[in-house]
Structures are given as C-alpha cells and as structure tokens.
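The values are calculated or read from the model by the stated rules, or taken from the named source; none is laboratory data. Values in this document were obtained by computation on a predicted structure and should not be read as measured data. Cβ placement follows ideal geometry from the backbone for every residue including glycine, while neighbour counts extend to all protein chains displayed.
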Amino acid sequence: MFKICNLEEGIGYEFRVYAENIVGVGRASKVSDSFVARDPCDPPGTPEAIAISKNHVVIQWTKPQYDGGSKVTGYIVEKRDLPQGHWMRVNFTNVVETEFAITGLTADQQYEFRVTARNAAGMFSEPSDSTGPITATDEIEPPSVSMDPKYKDVIVVNAGDNLVLDADIHGKPIPDVQWLKEGKEMEKKLRYELKTTQKSASITIKDCTRLDSGHYDLVLSNSGGTKTIPITVRVLDRPAPPSGPLREVSAEEWTMCTPPTGLQATRLTVDKLKENGEYNFRVCAINSEGVGEPADVHGTVIAAEKIEAPEIELDADLRKVVSVRAGGSLRLFITIRGRPEPTVKWEKEEGALTDRAVIESTGSYTMLVIDNVHRFDSGKYILTLENKTGTKSAFVNVRVLDTPSAPQKLEIKDVKKDSVTVCWETPLTDGGSKITNYIVEKRESIRKIEELPEGGIFYFRVCAVNEYGFGVMAETKNPVKVAQVPMPPGKITLVDATKTSVTLAWVKPAHDGGSKVLCYNVEMLPKGTDKWGVVCTAKVPEATIANLTPNETYSFRVIEFGVPIRAKDIEIEPTVNLLFNTFSVKAGGDLTVEVPIRGRPKPVVSWKKDGLPLKQTTSLSINNTLVSSKIIIKEATIDHVGKYEITLANTAGTISTDINVVVLDKPGPPSSVKVDAVTADSITLSWTPPEYDGGSKVTGYIIERRDLPEGCWMRCNFTNIPETYFDVTGLTQDQQYDFRVTAKNAAGLFSIPSDNTGPITVKDDVDPPRIMMDVKFKDTVVVKAGETLKINADVAGRPLPLPYRCSREGSAEVG
C-alpha cells in the first residue's frame with residue numbers, strides 16, 4: 001500500500017505499479033481505472049426516528065457539514081436487524097431529501113439505521129452514526145400543541161395586513177390537522193395558505209378584511225384523541241356603509257357623543273347615561289368630502305346592566321382525569337364567561353390549596369398552576385364562578401403519577417424466638433397506579449449476628465411499590481427483640497433435707513429464649529392445698545428453703561426470668577464509594593449518575609450544581625434509596641454541564657463529593673472573524689475560538705470562501721488548521737469574496753458556521769510613504785571629528801517604499 005500526495009483537485013489520474021529486485025525493474029502492471037482527485041464529503045448527521053409504527057419507521061437526518069466541493073445529490077439508507085443482523089440497503093431509488101420512510105418491517109422487531117451521502121463527483125461519505133435500537137411498534141401519544149401565549153388573547157390585525165397563525169404540534173401517530181372558522185372547515189381561497197409538517201401547522205391569511213374577524217379553531221386528531229385550540233381574531237377596518245331605514249328628525253333632538261372630528265374606530269362606548277333611560281342612536285360616516293347621511297340604530301336602547309350567567313367551558317382533556325408525573329407542573333387553563341365579570345374561586349375537595357398554587361384570572365379565562373407536584377397534589381379541584389345572576393361550579397380530577405405513600409399502622413405481632421409477624425394497612429395514596437407488591441425490610445438496632453438471628457434486636461419497615469417505583473417507608477417506632485420466654489429448668493433434685501428445711505438443685509434450661517437468665521423463683525405447694533407461693537429467689541440453680549413444718553409434705557417448682565434489654569442504634573459515618581468522578585453523555589442522550597452510599601442512621605442526601613441547590617425538573621430527577629442516590633438526566637443539553645456536589649449527613653458526620661458532568665455536543669461557532677491583511681492574491685484571516693467547545697477540545701477549523709455576488713461556498717483548507725488564523729491564497733485581484741469559519745472538536749462534531757466577514761475586495765492596499773525619526777534630528781546634530789554618525793528612521797507605506805541614503809550635498813542613492 002502506498003499513499004500518493006500532492007494531487008491536483010479535479011484532475012483524473014491512472015496508476016500502474018512496477019516490481020523491483022536486485023536484478024532490476026520488472027514489467028508494469030495493468031493500468032488502473034481513472035480516478036478523479038476529489039475530497040470525500042462528510043457523513044450526514046445522526047438520523048432520528050420521527051414516526052414509528054409496527055411496520056414502518058420514518059427517519060430524518062441533517063446534511064453533511066462539508067460536501068467535498070460538489071453538491072450532495074443523494075443518500076443511501078441502510079438497516080440492520082438486531083442483535084446480529086447485517087447492514088442492508090433499503091432504498092433502491094435515489095433519495096434526495098433528508099427524510100425517508102422504511103416500510104415492510106416486522107412488528108416488535110428491533111432495528112437500527114444509518115445513512116451514507118453521495119455528491120455530484122460520485123464520492124461517497126462514511127456512514128453516519130447509527131440511530132441506536134428502534135423497536136417497530138405502534139406508539140400512541142395524544143395530540144398536544146405548543147403555541148405563543150399571545151394566542152390566548154384576541155389577535156388584532158389591521159385590514160390589508162397578513163395574518164399568520166402557527167403552532168408546534170406533537171403526537172404519535174402524527175396528528176391530522178384541520179382549521180375551522182366559526183365551527184366550519186375553512187374554504188379553500190387564494191388568500192389562504194395552509195402549511196402542515198410533521199412538527200408544525202400554520203395558516204396565513206393575506207390582505208385581511210373585516211370578514212376575516214371571528215373565532216378560529218385548530219383541531220388535531222389521531223388514534224390517541226382530539227385536541228382543539230380556540231383563537232379569536234379581530235380585523236380593524238374602515239366602517240361599512242350605515243344601514244337604514246332613515247327617518248327625518250330635527251337637529252335639536254340629537255346630541256353628539258363623539259368629538260367634532262369623529263372617531264377612527266368602528267365602535268363607541270357612550271357613558272353618563274341615566275339608568276333605565278331610553279335612547280335612540282344614529283351614526284354618520286366622514287370622508288374628505290364631509291359628513292355623510294346618518295343611519296339610525298334600529299329601535300330604542302334602554303341603558304341597563306346586561307346580565308349573563310357565569311359559564312365554564314371545560315376542554316375535552318379536562319373532562320377526563322388529568323395525569324401528571326411527580327416533579328412536573330400542573331396547568332389547568334379554563335375559559336370562563338359572565339356579566340358582570342364573575343369572581344373566581346379555586347378549591348381542593350380534600351382541603352385548602354397548596355401554597356405553591358398560582359392562580360391567574362381575567363374576564364375570559366382562569367388558570368391554576370402548581371409546579372413540582374407530588375402525590376398529595378392528587379385529588380378533585382373545584383372551580384366556582386359567582387356574579388349577580390348566580391353561581392356555577394365545575395371540577396377537574398387530577399392524578400399525580402408518583403410512588404405510593406407510606407403504608408399505615410405498621411405493627412409487630414406474634415413475636416417468637418426466630419420470627420415475627422409484621423402487619424400494616426394500605427397506603428393513603430397509591431401514587432396514581434395500582435400497588436403491585438410490598439417490600440419488607442429489617443434493620444438491627446445493635447449489630448448484625450451472622451447465622452444467629454435469635455436474640456437480635458431489629459427495626460422493621462415497609463414500603464409499597466407501583467409502576468413508578470418504591471414509595472415512602474413506614475418504620476416501627478421501637479426496636480423488637482427476637483426472643484421468647486425461656487424453656488423450663490431441667491430435673492429438680494433433693495440435695496438435703498432436715499425436719500424444718502430442704503435444699504434443692506436443678507438443671508439450667510436447655511434454651512434461654514434468646515435472653516440471658518437473670519434469676520430463678522422457687523415456688524412451694526403444701527399438700528392438701530392448690531395455691532403455689534414463691535418462697536425464695538436464687539441467681540444460681542440451687543436454693544435452700546427453711547422454716548418448714550416438721551412431718552409436712554411439700555411440692556416444689558422453679559421458674560426462670562430473663563434480662564430486660566435496652567435497644568440502641570449503632571452510628572456509622574457516611575461514606576461515598578465512586579469509581580470515577582466524571583460522567584459524559586452525548587447531547588440529547590440520557591445519563592444516570594448512581595452514587596453508592598453507606599451510613600447509619602440513614603444519611604440525609606442533598607445535591608448542588610455549581611454551588612447552588614439542585615432543582616428537579618422535567619429533564620432532571622433525583623432518586624434516593626437506602627444504598628444509593630441517583631440523578632437521572634433525560635435528553636441532556638448544555639444546561640446540564642457543570643460540577644455537581646453530593647452531601648451526606650447523619651449524626652455520625654458529614655461528607656461531600658464532587659462529580660463532573662460533561663455533555664458532548666457540537667461546539668459553538670467561532671466569533672470575531674476579521675481580516676488582518678489583504679494583498680492582490682491573498683487574505684489573512686483571524687478569529688476567536690468558540691465560547692463553548694461542546695464538552696471536548698476544539699481540534700481544528702474549516703475555512704470557506706464564496707465568490708460574490710452569486711458564488712457557492714468552497715473549502716479553502718484541505719489540512720487541519722488548529723490555529724485561529726489562516727492565509728487564504730490563490731485569489732483573483734479585484735474580485736470580491738465572503739469568508740466564514742467552522743469549528744470541529746475532538747468528538748468529531750462540527751459547529752454552525754461563524755458570521756460572514758462581508759464583502760472583501762482582493763487588492764493591494766496603498767498608503768503613501770511615511771518617515772518617522774527621533775525629534776533630536778530636527779535640530780543641528782553636533783558630532784566630534786572621528787566619531788561615527790548614525791541616523792535612524794522608520795519607513796512605512798503600502799507597498800513598502802524603497803529606503804534611501806542621503807548624501808551631504810542632498811543627492812540621493814538607493815539603499
């Protein structure tokens with residue numbers, strides 16, 4: 001193998017090879033096919049699945065950062081069955097778009113996909129990164145919309161202007177889009193321009209007129225449901241001709257309600273009227289020719305307060321149970337009406353609203369927002385409107401999807417020497433999901449006894465589990481000793497007897513029940529009676545009973561008692577066991593940082609990011625267990641980059657550990673691209689490195705130029721440029737060019753191009769010659785005979801002037 005360098009781009013080459021040994025050079029090989037020396041293009045961006053079903057997948061990718069100097073003319077799409085399939089081409093016609101639908105897939109089978117680019121020179125790129133595993137299955141996600149908050153208010157536009165209504169749409173499968181006006185589908189007109197993509201929907205109404213005012217609805221629907229977004233539009237236009245019929249009246253009967261010059265608006269509120277008074281009104285139009293004929297408002301008008309009962313319009317989604325994940329935000333937006341404007345009151349059926357609730361109300365809507373919800377925010381939220389005409393109420397059921405709350409009434413029953421029975425009641429809340437099972441744990445209060453659990457003292461706790469994870473633990477208040485009453489002492493033997501006393505001995509119990517024997521009680525039963533009585537207490541298995549009646553018959557028995565035990569926790573200082581302290585993830589990927597922890601009692605865990613308390617968001621959550629603490633980052637972005645600090649604290653001490661999170665992303669664009677020097681055939685550029693390197697070091701730059709006014713972007717450097725300056729050569733004199741710079745980092749990701757330099761004309765700069773000398777040479781310089789006279793001068797100018805040496809008489813010679 002041999003690499004041939006310094007070829008000229010665009011030139012075709014043929015090659016042949018000779019073999020040589022000590023005797024000489026052999027015959028040449030056959031001539032190779034002709035190859036044109038061209039740069040390969042960069043691979044396309046990593047493809048992403050934008051639509052998935054059980055038999056097809058739609059993927060989308062970005063164009064190559066560099067096209068190899070020729071336009072990209074098509075793409076090759078390949079798939080691979082997982083886990084052990086081979087790459088197979090799936091497109092058999094040229095794909096010119098950056099989107100392709102792969103059909104004929106098998107339901108529930110996993111695949112991965114990649115894309116290769118081809119340019120007009122016939123050069124193929126390397127394949128792109130794989131999409132990663134994708135399962136061919138129907139995904140159902142109800143339609144949802146992201147819109148500018150301005151659409152909640154009335155949209156006002158002047159007649160003759162263009163009206164644009166747009167929204168970002170979401171849902172799986174991709175929702176069908178329909179635009180309605182006053183409840184009817186909009187007719188097709190030349191002035192209407194409807195655009196719908198997989199991620200957005202918009203409508204443009206050109207040259208608006210007063211007839212375009214009204215109520216519009218954006219309706220999204222798929223197999224997951226339907227979503228309707230109302231929008232109200234008002235067009236400000238010149239007045240229409242007043243309508244009749246007309247009648248003659250005397251001028252003295254009418255009072256002018258407007259200024260003498262009239263109004264530009266098409267509506268007027270007349271105040272200072274008498275309550276319940278009857279009035280007639282008329283309107284005149286004014287133009288440059290003067291005041292037109294009046295037109296009367298039909299009938300009389302009674303000045304009385306218009307009454308309208310309160311009304312609540314619940315969206316279809318709010319009529320169902322509203323589900324939200326723990327840590328997310330609850331937003332209930334409800335349209336309301338009523339005159340006079342009703343008072344708004346929000347309540348929670350089980351009690352007062354949380355202090356975290358924020359309520360915003362206007363005459364047309366009310367909104368309840370609760371951030372960072374948890375399981376206790378579940379329940380029925382009641383909205384009540386009230387004005388003079390009455391009261392109107394509606395409710396919304398909210399379910400927070402969370403882990404269950406702690407089980408209730410945890411008790412210990414039926415304690416034996418090697419087992420206990422733990423009882424509890426179901427949790428107060430199930431976290432919005434059916435409880436699947438319970439986890440029961442025990443904790444020793446003193447120490448762990450390997451293979452000898454009898455006699456140990458334990459705490460017990462229980463938590464419920466659902467599909468969202470482990471719930472809160474319920475723990476016994478006091479420790480429980482695994483023990484029972486001791487077995488009875490062994491055989492009792494009569495050691496000695498007198499007429500008034502006996503001495504007894506007995507064998508220790510075969511088992512002490514898990515607790516040390518403290519003492520023995522000796523009981524006596526005289527013959528002919530049925531009542532036992534304690535006659536002495538002994539600490540050893542032997543006792544003498546005195547003061548007996550001579551010739552009387554007695555029976556004896558022995559009972560033992562164990563030592564009471566006080567439970568006490570062992571304290572262990574918290575520790576963190578991490579193999580490494582830096583975690584990295586590609587932008588858009590998911591990252592789980594799990595920190596093993598240890599300590600007794602259980603340490604309190606807290607997290608910080610860049611010195612500030614870490615807040616849970618929809619993309620970052622914290623999950624603490626007995627043995628670890630996790631931060632889970634979904635769809636990582638630059639906002640997740642930083643230094644995280646975990647702190648563990650209990651009664652035995654406190655420990656903190658730093659963890660660095662790096663998100664590998666494309667770098668930011670270079671900035672401050674400027675021209676340092678211009679000649680007749682070259683330009684020197686310099687720039688500032690990107691502010692953000694994408695999580696890995698910037699390794700080089702791509703410099704591009706464009707002939708103005710209509711040239712295409714062409715790469716100027718064909719080797720890596722690690723410096724922040726570059727000389728662009730081979731330019732044409734008096735030609736205008738535009739330049740830009742793209743950065744590349746160690747992860748192989750390219751930034752977007754920098755801002756253009758703007759038009760630059762390639763020509764030599766001309767500055768007149770200038771001579772700068774020390775001010776002392778302006779006066780007479782005195783030098784002694786025999787000394788050397790040296791006169792220094794700085795010479796400047798473009799092009800650089802030739803230096804001269806002047807003689808004493810004033811004649812000049814070129815230096």
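Residues being closer than 24 Å to Asn650 by Cβ and either in a strand (DSSP E or B) or modelled with pLDDT of 80 or more (or both) are represented in the stretch 550-573 by at least one member.
Filtered by the rule that a residue be closer than 16 Å to Gly132 by Cα and of a type outside the set (A, V, I, L, M, F, W, C), the stretch 105-115 gives Asp108, Gln109, Gln110, Tyr111, Glu112, Arg114. Consider the stretch 671-705 and keep the residues that are in contact (Cβ under 8 Å) with a residue 60 or more places away in the chain and of a type in the set (Ser, Thr, Tyr). The one that is nearest to Thr582 (Cα to Cα) is Ser671.
Selection of first residues in the stretch 397-416 that are more than 18 Å from Gly431 (Cβ to Cβ) and without any contact (Cβ under 8 Å) to a residue 12 or more places away in the chain and of second residues that are part of a strand (DSSP E or B) and hydrophobic (A, V, I, L, M, F, W, C), restricted to Cβ pairs under 6 Å at least 6 apart or on distinct chains, gives the following pairs, ordered by first then second residue: Lys413/Cys423.
What number of residues within the stretch 420-440 are outside any loop (DSSP other than H, G, I, E, B) and in contact (Cβ under 8 Å) with a residue 24 or more places away in the chain?
Quick first cut of the stretch 420-440, residues outside any loop (DSSP other than H, G, I, E, B) only: 421-425, 437-440.
Keeping just the survivors that are in contact (Cβ under 8 Å) with a residue 24 or more places away in the chain gives 422, 424, 437-439.
Qualifying residue count, the stretch 420-440: 5.
Scanning the stretch 27-39 for residues that are at pLDDT below 80 and surrounded by 11 or more Cβ atoms within 10 Å (Cβ to Cβ) gives Phe35, Val36, Ala37, Arg38, Asp39.
With the structure loaded, tell me whether Thr742 is polar (S, T, N, Q), within 23 Å of Ile703 (Cα to Cα) and outside any loop (DSSP other than H, G, I, E, B) or whether it fails that test. Explain how you work it out, then say what you get.
Values: polar (S, T, N, Q): yes; within 23 Å of Ile703 (Cα to Cα): yes; outside any loop (DSSP other than H, G, I, E, B): yes.
Criteria met by Thr742.
For beta carbons closer than 8 Å, sequence separation of 6+ or different chains, a first residue in the stretch 22-47 that is among the aromatic types (Phe, Trp, Tyr) and a second that is assigned to a loop (DSSP other than H, G, I, E, B) and surrounded by fewer than 17 Cβ atoms within 10 Å (Cβ to Cβ), the qualifying pairs are Phe35/Glu14; Phe35/Phe15.
Applying a threshold of 6 Å to beta carbon distances and a minimum spacing of six or more residues, or different chains, the list of pairs starting in the stretch 243-266 at a residue that is in the same structural domain as Asn158 (by TED's automatic domain parsing) and under 12 Å from Val283 (Cα atoms) and ending at one that is at pLDDT 70 or above and assigned to a loop (DSSP other than H, G, I, E, B) is empty.
The one condition from (1) modelled with pLDDT of 85 or more; (2) of a type outside the set (Lys, Arg); (3) more than 30 Å from Val762 (Cα to Cα) that Ile638 does not meet is (1). Of the residues Thr46, Thr93, the single one that is loosely packed, with under 10 Cβ neighbours inside 10 Å, assigned to a loop (DSSP other than H, G, I, E, B) and not hydrophobic (A, V, I, L, M, F, W, C) is Thr93.
Within the stretch 355-364, is even one residue free of Cβ contacts under 8 Å to residues at least 12 places away in the same chain, assigned to a loop (DSSP other than H, G, I, E, B) and out of contact with any Lys or Arg (no Cβ under 7 Å at 6 or more places or on another chain)? Yes.
May I ask you to verify whether Val324 is closer than 26 Å to Lys615 by Cβ and at pLDDT 85 or above?
Details: closer than 26 Å to Lys615 by Cβ: yes; at pLDDT 85 or above: yes.
For Val324, the condition - closer than 26 Å to Lys615 by Cβ and at pLDDT 85 or above - is met.
Here Gly68 does not qualify as of a type in the set (Gly, Ala, Ser), surrounded by fewer than 15 Cβ atoms within 10 Å (Cβ to Cβ), assigned to a loop (DSSP other than H, G, I, E, B) and not assigned by TED's automatic domain parsing to the domain that holds Ile203.
Inspect all residues belonging to the stretch 455-467 and state whether any of them is loosely packed, with under 14 Cβ neighbours inside 10 Å, modelled with pLDDT under 75 and closer than 30 Å to Thr403 by Cα. Give the derivation first.
Of the residues in the stretch 455-467, the ones loosely packed, with under 14 Cβ neighbours inside 10 Å are 467.
From the residues that got through so far, the ones that are modelled with pLDDT under 75 too are 467.
From what is left, the residues that are closer than 30 Å to Thr403 by Cα are 467.
Taking every residue of the stretch 455-467 in turn, at least one turns out to be loosely packed, with under 14 Cβ neighbours inside 10 Å, modelled with pLDDT under 75 and closer than 30 Å to Thr403 by Cα.
Check the stretch 96-106 and report whether any residue there is at pLDDT 90 or above, out of contact with any Gly (no Cβ under 8 Å at 6 or more places or on another chain) and small (Gly, Ala, Ser). Looking for residues that are at pLDDT 90 or above, out of contact with any Gly (no Cβ under 8 Å at 6 or more places or on another chain) and small (Gly, Ala, Ser), one finds at least one in the stretch 96-106, hence yes. The C-beta contact set for the stretch 706-727 (first residue closer than 20 Å to Leu7 by Cβ, second residue of a type in the set (Gly, Ala, Ser) and in a loop (DSSP other than H, G, I, E, B), distance under 9 angstrom, 6+ apart or interchain) comprises Met714/Gly69; Arg715/Gly68; Arg715/Gly69; Cys716/Gly730.
Determine whether Glu126 is touching a residue at least 40 places away in the same chain (Cβ under 8 Å), under 30 Å from Ser34 (Cα atoms) and acidic (Asp, Glu). Talk me through it step by step, then tell me what you get.
On the way: touching a residue at least 40 places away in the same chain (Cβ under 8 Å): yes; under 30 Å from Ser34 (Cα atoms): yes; acidic (Asp, Glu): yes.
It is true that Glu126 is touching a residue at least 40 places away in the same chain (Cβ under 8 Å), under 30 Å from Ser34 (Cα atoms) and acidic (Asp, Glu).
When you scan the stretch 598-627, how many residues do you find that are of a type outside the set (Ser, Thr, Tyr) and touching a Ser or Thr at 6+ places or on another chain (Cβ under 6 Å)? Qualifying residue count, the stretch 598-627: 2. Among the residues in the stretch 778-793, are any touching a strand residue (DSSP E or B) at 6+ places or on another chain (Cβ under 6 Å) and either closer than 23 Å to Asp681 by Cα or modelled with pLDDT under 85 (or both)? Within the stretch 778-793, one or more residues are touching a strand residue (DSSP E or B) at 6+ places or on another chain (Cβ under 6 Å) and either closer than 23 Å to Asp681 by Cα or modelled with pLDDT under 85 (or both).
The single residue among Lys306, Lys348 that is among the charged types (D, E, K, R) and modelled with pLDDT under 80 turns out to be Lys306.
Restricting the stretch 279-311 to residues that are among the acidic types (Asp, Glu) and surrounded by 11 or more Cβ atoms within 10 Å (Cβ to Cβ) leaves a set whose member that is farthest from Thr389 (Cα to Cα) is Glu293.
Only residues that are touching a residue at least 60 places away in the same chain (Cβ under 8 Å) and either touching a Cys at 6+ places or on another chain (Cβ under 8 Å) or not in a strand (DSSP E or B) (or both): list them for the stretch 616-637, please. Result: Gln616, Thr617, Thr618, Thr625, Leu626.
Taking the stretch 507-549 as the range and being part of a strand (DSSP E or B) and closer than 27 Å to Val415 by Cβ as the test, the residues that pass are Val517, Leu518, Cys519, Tyr520, Asn521, Glu523, Val534, Thr537.
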